[in-house]
Amino acid sequence: MSALQLDAELLYKTLLQGVKGLIAVTPQPLHLAGVTSGGAWLAERLQRDLGLPGSVGVISSSMHRDDFAQRGLAISAQTVLPFEVDGAHVVLVDDVLYTGRTLRAVINELFDYGRPASVQLAVLVDRGGRELPIEAKVCAATVALPVTQTLELARSDDGRLSFVVENKKEA
């Protein structure tokens, strides 16, 4: 059995086209918000490549995670939403959709800042394994991985994206 090979740069192009189509049919005001950290990288790049006005939002799941007691406050970036959430159409961008638990926490965090008119999800990869009823409107690829493995997006110093597949560490 060969190791999973995903071309993150090629998948990004697919994501870009999907988000472009989503934006075309979504009312304004529309804002992108990336989930820390991989989703934030993607949202920043999408914002730039699509020529969208304003600044991209960054949203953290750390304050609303159901495993907060075990994980504590993550060292990743905290939420910064440089736009009015009330009445906005928000496209949440994430790198890997798995159980849906992170997205549930992110949506709770988003509603701490206001009540958006709509929330849609765009992801680079959906790896299945959902525990919650969350679905991406735009998804560049669907992959199957064993529960014993993790899939993480990495970004090099020059901004190139790649995936890292690792075996989970024993707790």
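Summary table below
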item: Segment D49-M63, extension gain: residue separation times 0.36 nm, minus the distance between their alpha carbons; result: 2.0 nm
item: Cα-based convex hull, the chain, per residue volume (Å³, whole number); result: 123
item: Simple Cβ-charge dipole of the chain, Lys/Arg +1 and Asp/Glu -1, about Cα centre, in debye nearest 20; result: 180
item: Sum of -39500 (n - 2.57) over DSSP H runs of 4+, divided by residues of the chain (222 nm, nearest 500); result: -8500 deg cm²/dmol
item: Accessible surface, per residue, of the chain when the full set of protein chains is kept, probe 1.4 Å, Å²; result: 54
item: Kirkwood estimate for the stretch 106-169, i.e. one over the average of 1/r between Cα atoms, Å; result: 14.3
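The values are calculated or read from the model by the stated rules, or taken from the named source; none is laboratory data. Here the structure is a predicted model, which is why all the values come from computation and not from measurement. Because the Cβ atoms are built from the backbone with ideal geometry, glycine has one as well, and the counts that use them run over all protein chains shown. For accessibility, only protein heavy atoms count, side chains too; no ligands or nucleic acids. Shrake-Rupley method; radii C 1.70, N 1.55, O 1.52, S 1.80 Å.
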